[in-house]
Structures are given as C-alpha cells and as structure tokens.
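Scroll down for the structure; my scribbles are underneath it.
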Amino acid sequence: MKPEEVLKVNLTRQDMLEIWRDAQSSCVGGKSHVRSSDSRDESLLIDQIVGLAGNFALAVWRDGDARAYRDSRHTQNRFRDVGDGGYDLPRCSIDVKTSMMRGSQDPMRYHLIVRPAERHENWTYALALTPAFQIPDLKNGLEVMLVGWAIEKNLPRTTESDLFDGAHVLKADMLNPFLPLVYGN
C-alpha cells in the first residue's frame, strides 16, 4: 500500500446533512477505548459523524451512490440499541473503521484497529480517515480517505499492549489498496 493509492471521496454539504441527522439518532451511548467517559459524552456526535462518513464514502465508492448506506441506516435507525454486528453495508461482511486525523495529515501513519469482539471469520475490514473538523465545518462538505482494507486472516493473532491495548492492529502500509472503480453511463 502506497500513499498515492489512497482514494478520496468528497461528500457534499447535502451528504453531510444526511449523515449529521443519522448521527444524531445514533447517539445512544456506548464506550470509547481511547477517551474518558467525560470527554466521550462531549464528542459522541462527532464520533458518530466520523464513523458514518466512512460508511457513506465506502458506499459511494463501491456503488456510485449512497443507496446501500441509506438501506443500512434505515435498519440501524429502527434498532438503535443494537449494534450493526460489523455489517456497515447491507449484505456485505465489511466493517469500516473510520478515524479522524488528529496527529498527522499523512494517512500512512494511521492504523486499522479491530477489537477482539469485532473480529469475525471471513470478514473484511476497511480503514477510512477524515480530516479534523468541527460541526460548523461540515457545511463545506467533507473529504473522506479510503486508505485500504484487510481480511480477517490478515490481522495479527496477537493484540497490542500500548494505546491500542487489546486490539488487533495493522499499519496502513500493510493494507490492500481500494481499486478505483469506474462506472459507465
């Protein structure tokens, strides 16, 4: 995986409005492995937007439109207290792991992080990244980087004991690149 293989998907203001609405309905709690519970409460909406933006971008890349994202959100919005089980797009065993780029603007410095409870046999995991933003910034849209993907067998058997304590971690340069898809008329 090389930096020039990272795909960029530009989400419009209208896309971000849809994601923002879905994120609001998705703020039902949960826990963070990185933040304290106090800061988690403050950042829950942004965390939801980041995750949903990755799902939306993957749907647009894969299908040329956001229909699969909308189908997935329709189901999730009906069963808000139940996780998606790693099915971020309907009928696809793919779990999109999206992070906000806080420390570096180099996508190759980031990692695909999969917690043991999220690891499933024959699953695909994708790493997506967004630039750092505040809610008012979304009126200009958002660029999402689809960095790469790995199948479950590519994940290390051992877990980390540092910042990513207990997670299976792959560096971005170890991921498979997304191939550019071209849709005809």
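The values are calculated or read from the model by the stated rules, or taken from the named source; none is laboratory data. Everything quoted here is computed from the prediction, not taken from an experiment. Heads up, the Cβs are rebuilt from the backbone with ideal geometry, glycines too, and the neighbour counts pull from every protein chain shown.
Take residue 72 and tell me if it is modelled with pLDDT under 95, among the polar types (S, T, N, Q) and assigned to a helix (DSSP H, G or I).
yes
Quick check on the range 125-136: of everything there that is touching a helix residue (DSSP H, G or I) at 6+ places or on another chain (Cβ under 9 Å) and hydrophobic (A, V, I, L, M, F, W, C), which residue is modelled with the lowest pLDDT?
My answer is 135.
Condition (residue is among the β-branched types (Val, Ile, Thr) and either touching a strand residue (DSSP E or B) at 6+ places or on another chain (Cβ under 9 Å) or modelled with pLDDT of 95 or more (or both)) applied to the range 79-93: is it met by at least one residue?
no
Out of the range 100-124, which residues are modelled with pLDDT of 95 or more and among the hydroxyl-bearing types (Ser, Thr, Tyr)?
Matches in the range 100-124: 110 only.
Which of the residues spanning the range 147-185 are at pLDDT below 90, out of contact with any strand residue (DSSP E or B) (no Cβ under 9 Å at 6 or more places or on another chain) and under 18 Å from residue 95 (Cβ atoms)?
166
Out of the residues in the range 1-52 that are modelled with pLDDT under 90, of a type in the set (A, V, I, L, M, F, W, C) and part of a loop (DSSP other than H, G, I, E, B), which is surrounded by the fewest Cβ atoms within 10 Å (Cβ to Cβ)?
28
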